[in-house]
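What follows is calculated from the coordinates using simple rules that are stated; it is not laboratory data. All values reported here derive from a predicted model rather than from experimental measurement. Note that each Cβ is placed from the backbone with ideal geometry, even for glycine, and that neighbours are counted across all protein chains shown.
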């Protein structure tokens with residue numbers, strides 16, 4: 001089997017996760033049950049997921065030198081993922097996210113403070129052109145600077161590298177770059193923001209997104225699975241039923257595993273099944289990057 005080569009340009013955040021009996025209402029003060037500091041950020045989570053799923057991963061990101069970056073670097077060392085292209089910037093703070101997790105439903109609410117993620121420049125991406133050129137897939141999100149994303153897409157198209165965009169958190173940049181994206185992977189909320197007015201009809205939403213120039217769409221639907229429309233047809237893939245502990249990072253787990261499977265040569269239907277199993281396992285554990293299963297666990301879970 002071909003070894004997948006994935007380059008991720010994306011964010012690193014240190015997650016401050018607070019577990020609560022329920023998500024507080026406006027003006028409500030509640031007593032939490034626990035708090036953890038964990039490595040996170042959509043880019044980092046997806047890079048770790050792809051690595052744990054079996055890919056060779058190059059992660060291009062930017063952090064501060066304030067000590068908050070250490071959790072991420074320590075995780076990368078622990079799992080053996082290269083991080084020499086995580087740029088350190090003494091003039092910026094490391095990205096941060098505060099995450100409230102409902103102890104009963106496992107649903108979450110997140111506030112992100114981007115910090116160094118928004119200072120990645122086009123020149124810093126250009127200096128790493130070879131790392132994009134060698135990839136099977138360039139995986140992007142929207143938690144870094146606008147110029148870094150635009151330049152990454154430009155270089156990928158220059159070298160014929162497939163671009164997968166997870167359009168989160170949503171911004172109008174999607175409409176600017178979507179014609180150069182090979183596969184877009186919004187959740188239901190993000191899909192509605194890209195193509196509003198379809199009342200939750202994923203088929204009509206996907207049709208409009210495809211009309212914008214992106215040939216393949218996967219809309220992830222949480223515990224209901226995922227929907228695909230594109231060059232390989234149209235179908236839905238169900239999700240395995242699990243008891244969720246923490247849904248933070250589930251979409252990142254899905255995207256990292258999906259790109260790994262596609263880069264290995266799996267058909268899209270099988271890639272989605274693998275990614276779904278990988279993501280389902282990730283929500284049975286607390287944390288984001290730290291909750292990612294390994295490939296063997298996911299393969300066994302698919303068989304169960």
Checklist entry - Among 48-56, 132-140, what's the highest-first ranking by average C-beta atoms within 10 angstrom per residue? => result 48-56, 132-140
Checklist entry - Given the Cα-Cα distance of residue 270 and residue 296 and 0.36 nm per residue of separation, how much length would full extension add, in nm? => result 7.8 nm
Checklist outcome for this item: For segment 1-101, the Cα convex hull volume per residue in Å³ comes to 128 Å³
Checklist entry - Can you tell which of 229, 158, 25 shows the greatest fluctuation in a Gaussian network model of the chain with Cα springs below 10 Å? => result 25
Item to check | Kirkwood Rh and Cα Rg combined as Rg over Rh, evaluated for segment 129-277 | outcome: 0.94
Checklist outcome for this item: Exposure-ranked with fewest Cβ neighbours within 10 Å first, 221, 65, 214, 259 stand as 65, 221, 214, 259
Checklist entry - At what distance in angstrom do the alpha carbon centres of segment 209-272 and segment 25-61 lie from each other? => result 19 Å
Checklist entry - Ranked from highest to lowest mean number of other Cβ atoms within 10 Å per residue, what is the order of the peptides 10-21, 114-125, 66-77? => result 10-21, 114-125, 66-77
Checklist outcome for this item: Once both label points are put 7 Å beyond Cα along the C-beta direction, the residue 23-residue 111 separation in nm becomes 1.4 nm
